[in-house]
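Input: a single structure, listed below in C-alpha cells.
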Amino acid sequence: MRETMKAILVEKAGGPESLNFVEVPRPKPDAGEVLVRLHASGVNFADILCRTASHPGMTPPPLILGCEGGGVVEGLGTGAHRYREGDRVAVYSPRGGTYAEWVAVPEDYALPIPESMSYQDAAAFTHVFLTAYHALQTLGHAKEGEWLVITAAAGGVGTAMLQLARAKRLRVIAGVGSADKFPVLNKLGVEYGIDYGTADLGRRVREITENRGADLILESVGGSTFKQALSCLAPLGRLILFGISSGESPAVRPYDLLKTSSTYAALNLSVLFAHRHDLIETSWRELLELFEAGTIGTLVSQRLPLPKAAEAHRLVESRGTTGKLLLITNGSE
Ligand SMILES: NC(=O)c1ccc[n+]([C@@H]2O[C@H](COP(=O)([O-])OP(=O)(O)OC[C@H]3O[C@@H](n4cnc5c(N)ncnc54)[C@H](OP(=O)(O)O)[C@@H]3O)[C@@H](O)[C@H]2O)c1
C-alpha cells in the first residue's frame, strides 16, 4: 500500500479555486477506525459550506473535503471489530476526507453494502437517502395519504425524498427553483411541481390542496422559500428544516406555529450518527431492502475525475444540477 495518496485539500476557506489536487500522506486508522480505499466520493452541498467555512457543525479548513463515499476496507485500527479487510462499505465522514483515495473513519461511520450496490451507488446513496429517511420518518412522522411539500426537490436529497415519498404513498408537491428541473420531477412520477423561482410556493400549495395546506414540509432553501412554506402548513402540520442552501437563515415566530398548532423541527444527520446509531442501523437496513427491491435507486447526473472537484463545486453552486454528482477516486465500478 502506498504511503501517500492523491486528495483535494482546502488550505484556506474560499471559492472553488481553493480546491487543490495534491499528494498527501495516506491516513492511518486510529483506535476503533477503519481505513477505506475509496472508489467514488459523493459531492454534497455540505462540501460547499465546509469549503467556505460556513457549515455550523463541520470542521473548518485546512481539511480534505468530502463527507461520503464507497469503497473497500483495507486496514483496521486497534480494537476495530465490525469489519474485515476486503469488506465493501459506504462511508459517512462528517469530519471530511472522502475527496481522496483513502479515508479513515470510526467503524460506526462505515455501513455495509450488498454486492448489488456498486461503490458509485454507495457514494451517491448514503448521505442523501439517510437524510431523506430521517427527515421524512424520524422527525416528519409521514403517513400514507398526507400532503407533502419538498423544496429543492430535483437535487440530491430532494430526489431521494421523492422516491421514499412515492414508496410511502404520500401526495407530493415538489418545489424547484426553475422550470428546467420539471423533467426530473416528471421522471420520478411527481404530479404537482411548483417553480418557486416565479410562483409563490405557499399560494400554489393552498390551491393544489384546496386550501387545506401541507401536512409535512421538508425545507432546505431558507429565505423567502422558507417563509412561503411556513405560510401553507395545514392544521397540526410539521415543518422540518434540514438545510439553508440560500444562505438566508429563516426566522420563525412562535405565533406562526400557534395559528395552525404546528411543529417546527430541524434535522442534522451527524447528530444521529453520533448519538442514535441504533436509528442509523435500522434505517440503513430498511433503505438497503428498498434498494435491492428496486423501489429506490441512485440518480447520478455527472461523474467527474477527482482532480475536477472545483468544476463539480461550480456546477452545484450554479444551482443548475439535478440528482447527484460524483467524483471518481479509484477504479471504475
Ligand atoms: N441536515 C442534514 O443532516 C443534511 C444532510 C444532507 C444535506 N443537507 C442539506 O440539504 C440540502 C440539499 O443538499 P444536496 O447536497 O442534496 O444539494 P442539492 O439539493 O443537490 O443542491 C442544492 C439546491 O439548493 C437550491 N438552492 C437554493 N438557493 C441556492 C443557492 N443560493 N445556491 C445554491 N443552491 C441553492 C437549489 O435548488 P433549486 O434551484 O431547485 O432551489 C440547489 O440545486 C442542502 O441545504 C444541504 O446542506 C442537510
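The values are calculated or read from the model by the stated rules, or taken from the named source; none is laboratory data. All values reported here derive from a predicted model rather than from experimental measurement. With ideal geometry, Cβ positions are generated from the backbone for all residues, glycine too; neighbour counts draw on all protein chains shown. The protein model used for the area step is the full one, side chains on, heavy atoms only, and it has no ligands, DNA or RNA in it. Shrake-Rupley method; radii C 1.70, N 1.55, O 1.52, S 1.80 Å.
Could you list all residues from region 304-314 that are surrounded by 15 or more Cβ atoms within 10 Å (Cβ to Cβ) and assigned to a strand (DSSP E or B)?
Leu304
Could you tell me which residue of region 196-205 is farthest from the ligand (Cβ to nearest atom), considering only residues that are touching a strand residue (DSSP E or B) at 6+ places or on another chain (Cβ under 6 Å) and open to solvent by less than 40 Å² (accessible area, probe 1.4 Å)?
Checking each candidate, the answer is Val205.
Whether any residue in region 115-124 is within 25 Å of Thr282 (Cα to Cα) and part of a strand (DSSP E or B) is what I want to check.
No.
Which pairs have Cβ atoms under 6 Å, sit 6 or more apart or on different chains, and link a residue in region 66-88 that is within 12 Å of Ala123 (Cα to Cα) and in contact (Cβ under 8 Å) with a residue 60 or more places away in the chain to one that is open to solvent by 10 Å² or more (accessible area, probe 1.4 Å) and among the hydrophobic types (A, V, I, L, M, F, W, C)?
Cys67/Ala46
Which of the strands (runs of 3 or more DSSP E) found entirely inside region 206-303 contain at least 1 residues meeting this: surrounded by fewer than 19 Cβ atoms within 10 Å (Cβ to Cβ)?
233-241, 263-266
Just wondering, is there one or more residues in region 184-194 that are out of contact with any helix residue (DSSP H, G or I) (no Cβ under 8 Å at 6 or more places or on another chain) and either farther than 27 Å from Gly294 by Cα or within 13 Å of the ligand (Cβ to nearest atom) (or both)?
No, every residue in region 184-194 fails to be out of contact with any helix residue (DSSP H, G or I) (no Cβ under 8 Å at 6 or more places or on another chain) and either farther than 27 Å from Gly294 by Cα or within 13 Å of the ligand (Cβ to nearest atom) (or both).
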